[in-house]
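> The structure follows.
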Amino acid sequence: MNILVAGGAGFIGSHLIDSLLAEGHSVVCADKLIMGKQNIEYLKNNPKFKFYEMDLADQDKVDQVFNENPIDVVYHLAANSDIQKGGNEPSIDFNDTLLTTRALLEGMRKADVEKLFFASTSAVYGEMLDVDLAETTGGLMPVSYYGGAKLASEALISSYVSMCDMSVVIFRFPNVIGPRLTHGAVFDFIRKLRKNPAELEILGNGTQCKPYIYVLDLVEAIMNLTRKFEPGEMIYNISVNSPGTTVTHIAEIVVEELGLKDVKFNYTGGDRGWKGDVPRFRYDISKVLATGWVPKHTSDEAVRQTVKDAVAAGM
C-alpha cells in the first residue's frame, strides 16, 4: 500500500516507518523536522520512501501531498509531544496537534482517502487519579493544552468518520520511551547525570507514578491493529500489562545503568512536575489485550531498556 505518515521523522513515527517499509509498503513521510531529520536520514535513497518537509497545518501543502501521491492510508502522528513545552506556549499544541488534524482530514476528504490511524494520548482523560480508565470512561476534562488539543482532534475525527464514511483506529497511550527518545524523565535524568554525576534534580516529590511503554511494543500494536480497518471508529487504550514506574524508581534505574553510586536526589517538591502534569493514573487495557496483542516489556523493563539503548547510542 501507499501510506502517508504525518510526523514520520519523529520518535514514534520513524519507528513506525521502519516497520511499514519492512513489510513492503511505500511510505510518504511529511514532517517539519522540529527534532531534526536524523531518524530518517538513512532512508533518503530508499526507492519506497519519499519525504516532504512541511508544516502539516498548512492546508495547501497537505493537499499537494495528496495530489502528488495515491495515498491509501494515513498514519497521523504529527503533534507537539512535549507537554511541558506546550504548557508554556499554548499555540504550539493548537497548531501542531489540532490544526494538523484538521488539515489532514480535509486532505483525505478531498482525495477520497478513508483509512486513518490517529495517535492520541492518555492526557485526554484529564486528572482522574483513582479510576481505572477505560475507553468508555466519561467526563473527559484534559488538564493540559496538549490533552485538550488531542481530545478536540478526536472529536473532529469522529465527525469526519460520520460525514465521510471513514474507517479510523485511535490509540490513547501514555509515556512512550525507547531508542531515539528526545525528552521526558528518562532522557532528562541521563542528560543531567552526564553533567553532574553526584546529584540529580527530580521535579515533584518523586512519587508520581505512570506506565511507560517501549516504543517497539507500541509500533507492533499499531501494525497489528491497522492491518484491517473496520468501518467506523475504534478506540484503544494502549499501555503495559503491569503497574507503572515512579519517578524516583526511574532515577534509581538510570543511576544503576550508568554505573553511578551515592547520587543525591534533590526533589523540587509538590505532587507533580509541572502544571498540567497528571501525577498518576491507572489504565484498563483489557480491550486491546482481547485482540491478542501483549506488550513484551513491563513499565520497569521499558525504562531499563531505554537507558541501555541511550548508553549504547553514546548518550
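Bear in mind these aren't lab numbers, they're just calculated from the coordinates by the rules spelled out. Fair warning: this is a prediction, and the values are worked out from it, not measured in the lab. Using ideal geometry, Cβ is built from the backbone for each residue, glycine included, and neighbour counts are taken over all protein chains shown.
> Zone of Thr182 (label point 7 Å along Cα→Cβ, backbone N under 12 Å): which residues in segment 70-110?
78-82
> Still on this structure, I have one more. Can you give me the distance in nm between label points at Leu33 and Cys164, each placed 7 Å from the Cα along the Cα-to-Cβ direction?
The two pseudo-label positions are separated by 2.8 nm.
> Please give the calculated 222 nm ellipticity per residue for the chain, where each DSSP H segment of at least 4 residues contributes -39500 (n - 2.57) and the sum is spread over every residue; nearest 500 deg cm²/dmol? It would help to have the intermediate numbers written out before the result.
Working: 11 runs with 115 residues, N = 315.
Mean residue ellipticity, 222 nm, calculated: -11000 deg cm²/dmol.
> Next up: Quick one: what are the phi-derived ³J(HN,Hα) couplings along segment 282-292, Karplus 6.51/-1.76/1.60 with θ = phi - 60°, whole Hz, x for glycine and proline?
10, 10, 9, 10, 4, 5, 6, 4, 5, 7, x
> Grab the other residues whose beta carbon is less than 13 angstrom from that of Phe171, score K and R as +1, D and E as -1, and report the net. Provide the component values of the computation, followed by the final result.
Details: positive: Lys150, Arg172, Lys287; negative: Glu135, Glu154, Asp217, Glu220, Glu233.
Local charge sum for Phe171: -2.
> Calculate the tail of P(r) for the chain: the fraction of all Cα-Cα distances greater than 24 Å, expressed in %. Could you put the intermediate results ahead of the total?
Details: 26037 of 49455 pairs.
For the chain, the fraction of Cα-Cα distances above 24 Å is 53 percent.
> Next up: Straight distance only, please: which lysines reach the Cα of Lys261 with their own Cα at less than 24 Å, same-chain residues fewer than 8 apart left out?
Lys192, Lys195, Lys308
> Along its three principal axes, how long is segment 104-213 when you only count alpha carbons? Whole Å, largest extent first please.
The Cα atoms of segment 104-213 stretch 58, 32, 21 Å along the principal axes, largest first.
> If I take R0 = 25 Å and measure r between the Cβ atoms of Gln59 and Lys85 in this structure, what FRET efficiency does the formula 1/(1 + (r/R0)^6) give, to the nearest 0.05? Walk me through the numbers before you get to the answer.
Working: r = 25 Å, r/R0 = 0.99.
Calculated transfer efficiency: 0.50.
> Could you work out how far apart the two model spin labels at Glu23 and Asp112 are, taking each label as a point 7 Å from the Cα in the direction of the beta carbon, and quote it in nm?
According to this spin-label approximation, the distance is 2.5 nm.
> I've got another one for you. Given H placed on each backbone N at 1.01 Å, which residues far from Lys115 in sequence or on other chains put an amide H within less than 5 Å of it?
For Lys115, whose amide H was placed from the backbone, the distant partners under 5 Å are Val74, Ser167.
> Once phi is turned into ³J(HN,Hα) by the Karplus curve 6.51 cos²θ - 1.76 cosθ + 1.60 with θ = phi - 60°, what whole-Hz value does each residue of segment 2-18 show in order, with x for glycine and proline?
9, 10, 9, 10, 7, x, x, 8, x, 4, 6, x, 5, 5, 5, 4, 4
> Can you work out D for segment 149-199 in µm² s⁻¹ from Stokes-Einstein, where Rh is the Kirkwood radius over C-alpha pairs, the temperature is 37 °C and the viscosity is 0.692 mPa s?
D, rounded to a whole number, is 229 µm²/s.
> At a Förster radius of 51 Å, what calculated FRET efficiency corresponds to the Cβ-Cβ distance of Asp262 and Asn67, to the nearest 0.05?
On the way: r = 61 Å, r/R0 = 1.19.
The value I calculate is 0.25.
> Here's something else I'd like to know. Would you mind checking Lys37/Lys85; Lys32/Lys275; Lys48/Lys115; Lys150/Lys228; Lys32/Lys296 for any pair whose Cα atoms are more than 29 angstrom apart?
Among Lys37/Lys85; Lys32/Lys275; Lys48/Lys115; Lys150/Lys228; Lys32/Lys296, the Cα-Cα distance tops 29 Å for Lys32/Lys296.
> May I pose another question? So which residue, out of Glu201, Glu233, Glu127, gets the largest mean-square fluctuation from a GNM of the chain using Cα contacts under 10 Å as springs?
Evaluated over the chain, the most mobile residue of the options is Glu201.
> Over segment 158-229, one equal point on each Cα, no solvent: what is log10 I(q)/I(0) by the Debye formula at q = 0.24 Å⁻¹?
Here log10 of I(q) over I(0) equals -1.13.
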